[in-house]
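Reading through the structure tokens given below for one structure.
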């Protein structure tokens, strides 16, 4: 089983530092109480940021701490950790919501009909829930 999960690319995520919002190019993965995302700007280790997944019924907003930054092909991969266990747990739940929403959109596109969110959630959990890895808080970086 994988130690991290990949975020559905059709569900946007943003971050902000010092009240300056910036889009994330892609959320790469979530692991060990943190996550990794790709953006245009390098953020130094120790920088506090606020992550947001705005397009949810109850938007996800949590504070994180930058652990590392790596340049890759003109972009920057940023590794952050959540500042507490509750944030990490909430991020895991939000990640599942993002997967279900992505699944719902895909099924609606395939069928040409709207799908109730509860139906999509039940199908996704039945088909993929057991493969969704547990995220544990520890002192490792994401």
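The values are calculated or read from the model by the stated rules, or taken from the named source; none is laboratory data. No experiment lies behind these values; they were computed from the predicted model shown. Here the Cβ positions follow ideal geometry from the backbone for every residue, glycine too, while neighbour counts run over all protein chains shown.
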task = Could you pull out the residue among 7, 58 that is in a loop (DSSP other than H, G, I, E, B), within 15 Å of the chain's Cα centre (by Cα), modelled with pLDDT under 85 and surrounded by fewer than 16 Cβ atoms within 10 Å (Cβ to Cβ)?
result = 58
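Here's the yes/no breakdown for (1) part of a helix (DSSP H, G or I); (2) touching a residue at least 60 places away in the same chain (Cβ under 8 Å); (3) within 14 Å of the chain's Cα centre (by Cα):
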| residue | (1), (2), (3) |
| --- | --- |
| 92 | yes, yes, yes |
| 97 | yes, no, yes |
| 100 | yes, no, yes |
| 104 | yes, no, no |
| 108 | yes, no, no |
| 113 | no, no, no |
inquiry  = Just to be sure before I move on: is residue 52 surrounded by 17 or more Cβ atoms within 10 Å (Cβ to Cβ), touching a residue at least 24 places away in the same chain (Cβ under 8 Å) and under 27 Å from residue 122 (Cα atoms) in the structure I sent?
reply    = yes
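Quick test for you: out of 81, 104, pick the one residue that is surrounded by 13 or more Cβ atoms within 10 Å (Cβ to Cβ), under 16 Å from residue 47 (Cβ atoms) and touching a helix residue (DSSP H, G or I) at 6+ places or on another chain (Cβ under 9 Å).
Working: 104 fails: under 16 Å from residue 47 (Cβ atoms).
So the residue among 81, 104 that is surrounded by 13 or more Cβ atoms within 10 Å (Cβ to Cβ), under 16 Å from residue 47 (Cβ atoms) and touching a helix residue (DSSP H, G or I) at 6+ places or on another chain (Cβ under 9 Å) is 81.
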key: Filter result (within 19 Å of the chain's Cα centre (by Cα) and more than 17 Å from residue 98 (Cβ to Cβ)) within the stretch 115-130   = 130
message = For the stretch 125-136, check the following and say yes or no: at least one residue is at pLDDT 80 or above, at positive phi and not in a strand (DSSP E or B).
response = no
